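**Student:** I am attaching a structure below and will ask some questions about it afterwards.
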Amino acid sequence: MQRPIIGIVERPELQTDSVSVTCSYDGNRASILKSGGIPIGILPTQPISYFGKSPVKVGELNIFEKEALETQLQLCDGFLLQGGNTWYEYDAFIIEYALKHQVPLLGICLGMQALANYLTNENKVLDKTYKIESDINHNNSEHIVRLTRDSILYGLLMQREIKVNSYHNYRAHDNEAVIKGYALDGTPEVVEVPGERFMIGLQWHPEKDYDTNDDSRKIFNRFIDEAVYYKRFIKEYK
Amino acid sequence: MEKPIIGILTGVSSEHYMGKDLTQFYVFNDYNTAVLKFGGLPIAIMPTKQMDYKKTPKEEITPLTEEEKNNLIEMIKLCDGFIMPGETRSFEHNYFIDSYLKENNIPTLGICLGMQVMAINSSKEKLTPVNVEGSHFRKMHTVKLEDGVLKNIIGKDEVDTNSYHSYMVVNPGEYKVVARSIDGVIEAIEDDKSLFRIGVQWHPEKDTLDDANKKIFEAFIDASIKYHENKQKTNYDS
């Protein structure tokens with residue numbers, strides 16, 4: 001059977017010669033390929049350009065932009081919400097689509113925060129993260145994550161405590177209904193949509209140590225398996 | 001009427017992000033914006049080799065395996081049209097993709113390096129540096145069009161275009177030369193047997209207010225719509 005298509009949600013970036021681009025980070029591409037998926041980049045359907053250090057304020061998606069984005073999403077059997085600096089309304093739109101159609105979703109770092117934010121806050125797009133103040137270093141380090149007993153991740157990895165890399169300064173708000181893994185200082189590290197087969201956000205970067213870390217491989221393998229399941233059993237019968 | 005899916009091949013970069021040197025696969029916003037403006041849906045196509053595209057020295061790059069080729073083909077099959085954009089470096093996959101697009105008569109617009117890939121793939125001859133150094137880099141110049149599809153699209157004998165290249169095509173192989181700048185440098189090639197196969201040495205996406213550039217994109221998207229409709233028809237007939 002054909003491999004599942006995984007849509008990587010592209011992130012706006014500013015290259016050093018002041019040219020604005022959207023991009024996918026290599027680890028995401030490589031990990032999806034290695035686990036048996038086909039990655040494509042979902043390019044924004046609305047104008048987002050940099051003029052300076054931070055991105056221009058991006059307006060709401062209009063109806064044409066939403067239709068265009070939805071058509072792009074229909075090509076995919078799974079979505080990967082990458083790390084980055086900021087998330088936009090299109091991230092919330094993609095999460096909403098995934099929830100509605102039960103498409104497998106993996107959020108990484110910022111992607112996890114966007115997912116946690118979506119599930120917890122009334123305003124699905126507003127950035128409700130806050131700066132970490134803790135003895136544990138979350139920026140360019142490694143630390144322990146303790147998973148809850150009812151988490152999908154615990155079932156997958158067969159361990160309550162795992163060691164993860166960490167590259168963030170901000171954290172999501174806690175919400176016991178959806179946060180399924182914590183650092184030992186209480187920082188949310190795993191978000192899972194309750195009742196869904198695989199709609200998960202991780203505050204760390206499994207794609208960075210795919211080759212050396214069993215857990216990272218298991219996560220991506222499961223993600224791709226779920227995309228295959230979606231393609232075979234859910235997508236075609238709509 | 002359904003919009004056509006336009007694949008845009010990504011370039012490789014390793015810009016600094018959060019202090020880290022990350023390899024990324026990017027698309028210049030201008031391509032994305034142009035495709036959306038003229039009624040297409042852009043997706044980013046990433047290469048499939050399991051290697052660091054930025055850091056691996058040229059001598060160490062191995063040929064594409066069957067699996068890597070098949071993965072590329074799966075991505076291209078999603079597309080109704082394809083843009084081979086400007087970049088500084090090309091890999092084996094640029095040529096593989098060009099061959100596949102040509103053999104399957106998928107509308108293709110080659111821009112800058114994209115045009116050069118078309119020519120090299122046909123003539124097997126390397127590029128030559130532009131005759132007068134710097135004369136085609138970051139300048140405007142006048143281009144004279146010769147009889148052919150491109151001239152019919154643009155509707156004029158002569159256009160002023162931007163220019164961002166240091167190398168030029170001397171041997172276009174099987175392609176017809178359909179435009180030259182006043183100093184004789186080849187500025188556009190085409191294959192008039194294909195549904196749409198045109199390469200331009202300039203960057204039409206950087207100025208889509210210009211009449212000639214608008215017409216190029218309109219014709220490209222029209223061809224992609226036609227390809228999409230034919231694809232639907234054969235799906236229903238089979």
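**Student:** From the list B:Ile83, B:Ile76, exactly one residue is in contact with an Asp or Glu (Cβ under 9 Å, 6 or more places away or on another chain), open to solvent by less than 10 Å² (accessible area, probe 1.4 Å) and within 13 Å of another protein chain (Cβ to nearest Cβ). Which is it?
**Tutor:** Answer to the check: B:Ile83.
**Student:** Among the listed residues A:Gly181, A:Gly201, identify the single one that is open to solvent by less than 10 Å² (accessible area, probe 1.4 Å) and without any contact (Cβ under 8 Å) to a residue 60 or more places away in the chain.
**Tutor:** A:Gly181
**Student:** Follow-up. Within the stretch A:191-238, track down each residue that is in a helix (DSSP H, G or I), over 25 Å from A:Asn117 (Cα atoms) and among the β-branched types (Val, Ile, Thr).
**Tutor:** Within the stretch A:191-238, A:Val228, A:Ile234 meet the criteria.
**Student:** Same structure again: Return the pairs, sorted by first residue and then second, in which the second residue is open to solvent by 40 Å² or more (accessible area, probe 1.4 Å) and basic (Lys, Arg), the first residue lies in the stretch A:58-75 and is facing chain B (nearest Cβ under 9 Å) and under 19 Å from A:Ile40 (Cβ atoms), the beta carbons are less than 8 Å apart, and the residues are 6+ apart or on different chains.
**Tutor:** Filtered contacts from the stretch A:58-75: A:Ala68/B:Lys3; A:Thr71/B:Lys3.
**Student:** I've got another one for you. Within the stretch B:145-196, can you find the residues that are aromatic (Phe, Trp, Tyr) and either out of contact with any Leu (no Cβ under 7 Å at 6 or more places or on another chain) or farther than 25 Å from B:Gly134 by Cα (or both)?
**Tutor:** Passing the criteria: B:Tyr164, B:Tyr175, B:Phe196.
**Student:** Suppose the filter is open to solvent by 30 Å² or more (accessible area, probe 1.4 Å), touching a residue at least 40 places away in the same chain (Cβ under 8 Å) and either over 17 Å from B:Gly110 (Cβ atoms) or of a type in the set (Ser, Thr, Tyr) (or both); does B:Thr142 pass it? If you could, list the steps in order and put the result at the bottom.
**Tutor:** Working: open to solvent by 30 Å² or more (accessible area, probe 1.4 Å): yes; touching a residue at least 40 places away in the same chain (Cβ under 8 Å): yes; either over 17 Å from B:Gly110 (Cβ atoms) or of a type in the set (Ser, Thr, Tyr) (or both): yes.
Judged against the criteria, B:Thr142 is a match.
**Student:** Does the stretch A:11-32 hold any residues that are buried (at least 19 other Cβ atoms within 10 Å of the Cβ), at pLDDT below 90 and facing chain B (nearest Cβ under 7 Å), and which are they?
**Tutor:** A:Glu13, A:Ser20, A:Val21, A:Thr22, A:Cys23, A:Ser24, A:Tyr25, A:Asp26
**Student:** Which members of the stretch B:145-194 meet the condition of being open to solvent by less than 60 Å² (accessible area, probe 1.4 Å) and of a type in the set (D, E, K, R)?
**Tutor:** B:Lys151, B:Glu187, B:Glu190, B:Asp191
**Student:** Take the stretch A:157-178 and flag every residue that is open to solvent by 70 Å² or more (accessible area, probe 1.4 Å) and not in a loop (DSSP other than H, G, I, E, B).
**Tutor:** A:Glu161, A:Lys163, A:Tyr170
The values are calculated or read from the model by the stated rules, or taken from the named source; none is laboratory data. Since this is a predicted model, take the numbers as computed values, not measurements. We place every Cβ from the backbone using ideal geometry, glycine too, and count neighbours over all the protein chains shown. Side chains are part of the model used for accessible areas, which takes the heavy atoms of the whole protein and leaves out ligands, DNA and RNA. Shrake-Rupley method; radii C 1.70, N 1.55, O 1.52, S 1.80 Å.
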